[in-house]
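This report refers to the structure that appears directly beneath it.
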Amino acid sequence: MKTSELQNIKQRYNIVGNCEALNNALDVALKVAPIDLSVLIIGESGVGKDILPRLVHDNSPRRREKYFAINCGAIPEGTIDSELFGHVKGSFTGAIGDSQGYFGAANKGTLFLDEVGELPMATQARLLRVLENGEYIPVGATEVRKTDVRVVAATNVNIQKAISEGRFREDLYYRLNQVQIQMPPLRERGEDIVLLFRLFAMQMAEKYRMDKVVLSDEAKQMLMRYKWPGNIRQLKSITEQLSVLSTERLITPEILARFIPQNQETTQLATIHNEGDHTFENEREILYKILFELRSNVNDMRREMSTLKKQIEDVQGTGHQSAPLPTSQLAPIQPIQPINSTMEDAVAEEYIEPEHELENLNVSDWSRQALEKALERNAGNRKKAAQELGISDRTLYRRLKQYGLDKDK
Ligand SMILES: Nc1ncnc2c1ncn2[C@@H]1O[C@H](COP(=O)(O)OP(=O)(O)O)[C@@H](O)[C@H]1O
Ligand SMILES: [Mg+2]
């Protein structure tokens, strides 16, 4: 593959990085795209596997047909067969009409089976059959149906373990693995780590309307030495935290050390107890970090649920006529999904609102105390207090009102 061609693809799909293993993965994806083979993408969580199936589909003769992305790990065992292979009316409680399932709906197109290692054994048997000869039987049906679907599957590296423990069929593994693409872990990507940091720093600067953070040379080295257990997803989240919480824009190793977990064995909650110097500053930062991570988990789940919901509606609602492809299926072209709320809204609205699920964490009390203390430290200066808390004046004002702290000003 010519370098310019690869460059084009990276630009089109917002893929940042230039390490050999990444280039190789993209190269194989593009080469195999026109040939109707099953592709298995292997890589740790957060390495950026999701983009490859889309790339394969878009560069295959199936590009004008349907593409569905299904997270096999997110669908309950009781319904997965019916979602993948459809069902007939009355085949189980709640089956009020026929459904053609993803394999029916994606006829002539591509299915991305993410976390394929999570499929129950019974579903694995059905999947093997449909891959072997295009045949499947919807739940509760008696007649065999035919479909022509290309499957691209993804799994984390644990699939070998699942095979050795008898939780994943070896024959299915070989059938899915006609071509294998390995996505490298971030720690092996050298300079790419810095390039990705730069991309995310730019995105965060835009999102929060602030100057972007830049790395000192020593900080770059530190990022390249770190193990990145959560890979690119973790780098993105740490860049977001740094962008919002650091008062300095030039990031030194000392600043980085506050945001990168020092001991990967311990969770972040555990760090609170381990923290020797238990100052308010540190505690606030750690709490913010936890809130951040909770927020991004919740947002991920929400996104996944809404994609799933749309896909289910599409699959159930269409019968056998082809339906327009919901935009949610096309969306993954943009690897960076915009999160609608701003940081301040996320922290203020999603996490501190007492009626929310996180009420039990007592974040509301904590938030009130944090506000009072920040005001105290800044002699009642609201602008400075807001700055210190990393929230906007507007949010600070809203919070003061909510806690009845605005009266005496
Ligand atoms: N090369 C890349 N350039 C820019 N962003 C990337 C790249 N690879 C992954 N990302 C981002 O990293 C995050 C994790 O990627 P994802 O594909 O969901 O990982 P996986 O499916 O392997 O767990 C996503 O936010 C994605 O947009
Ligand atoms: Mg994924």
Given (1) touching a residue at least 40 places away in the same chain (Cβ under 8 Å); (2) more than 26 Å from Arg233 (Cα to Cα); (3) of a type in the set (D, E, K, R), index of the condition Asp50 fails: (2)
Please go through region 199-231 and give me each residue that is among the small types (Gly, Ala, Ser), under 16 Å from Ser246 (Cα atoms) and touching a residue at least 40 places away in the same chain (Cβ under 8 Å), ordered by number. Ala201
Count of residues meeting criterion [away from ligand 1 (no atom under 12 Å from the Cβ), part of a helix (DSSP H, G or I) and not polar (S, T, N, Q)] in region 191-237: 14
Would you list the helices (runs of 4 or more DSSP H) that sit entirely within region 24-120 and hold 3 or more residues that are within 16 Å of ligand 2 (Cβ to nearest atom) and of a type in the set (Asp, Glu)? none
Of those in region 130-139 that are crowded, with 16+ Cβ neighbours inside 10 Å and in a helix (DSSP H, G or I), the residue nearest to ligand 1 (Cβ to nearest atom) is Leu131
Spot the failing condition for Glu350; the list is (1) at pLDDT 50 or above; (2) surrounded by 17 or more Cβ atoms within 10 Å (Cβ to Cβ); (3) part of a helix (DSSP H, G or I), and only one is missed. (1)
Looking for whichever is part of a helix (DSSP H, G or I) and of a type in the set (Lys, Arg) here; the options are Arg187, Arg167. Which one fits? Arg187
Starting from region 149-175, keep only residues that are more than 15 Å from Gln124 (Cβ to Cβ) and free of Cβ contacts under 8 Å to residues at least 12 places away in the same chain, then list their pairs with residues that are among the charged types (D, E, K, R) and within 16 Å of ligand 1 (Cβ to nearest atom) whose Cβ atoms are within a distance under 7 Å, requiring at least 6 positions of separation or different chains. none
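The values are calculated or read from the model by the stated rules, or taken from the named source; none is laboratory data. The structure displayed is predicted, hence computed values, not measured ones. Here the Cβ is made from the backbone with ideal geometry for all residues, glycine too, and neighbour counts use every protein chain on show.
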